1. For Gln142 and His50, FRET efficiency with R0 = 30 Å and r from the beta-carbon atoms, rounded to 0.05?
2. So which of Lys14/Lys109; Lys80/Lys109; Lys14/Lys80; Lys55/Lys80 end up more than 19 Å apart by C-alpha?
3. Quick check on region 13-75: what does the Kirkwood estimate of hydrodynamic radius come out to from the alpha carbon pairs, in Å?
4. Would you order Phe124, Phe113 from fewest to most other beta-carbon atoms within 10 Å of each residue's own beta-carbon?
5. Given charges of +1 on the Cβ of Lys and Arg and -1 on the Cβ of Asp and Glu, with all other atoms neutral, how large is the dipole of region 36-145 about its Cα centre, in debye to the nearest 20?
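No value in this document is a laboratory result; all are computed from the given coordinates. The shown structure was predicted, so the numbers you read here are calculated from the model rather than taken from an experiment. Here the Cβ is made from the backbone with ideal geometry for all residues, glycine too, and neighbour counts use every protein chain on show.
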Amino acid sequence: MAAPGADSSRQSAKGKILIVDDEEGMRDLLKAILEADYHIAEADSGAALHQALEKEEPDVVLLDMKLPDANGLSLLSAIKQRWPATEVIILSGTPNDSRAASWAAEAVKGGAFAFLSKSAEFSFPQILDCVSSALEHRCQAQVSTPDA
């Protein structure tokens, strides 16, 4: 006979998402979208992210491009160095222009899973799909490269 809660522990094995954004409203919105399916942690600055880097590794980080005390691209490097398997989705409030395209290319080159604009096209399904895809990618990468 299975131990009590054995099946429910598999069902409750939610991915861990770290939301890094200086705007409380955006953190609250992302949390509302994601908290039914994922465990959510939050950081409101680059300094708070650096503190989080000493804690449990998340599966996915939603990282704002512009924080008052840091640039998302420089934080991406720190995240990937500390947590190489963590997928990072960069969020930018900059409209889709040439600067955003340049940042997106640099972010992907730096190891970001995706670059999403917090513009008019920003939608709940888009966030859910991107986080789900990032989590799936992370799981596939872990299966193909088991610990030695």
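1. 0.75
2. Pairs exceeding 19 Å: Lys14/Lys109; Lys14/Lys80.
3. Kirkwood hydrodynamic radius for region 13-75: 11.7 Å.
4. Lowest count first: Phe124, Phe113.
5. About 340 debye.
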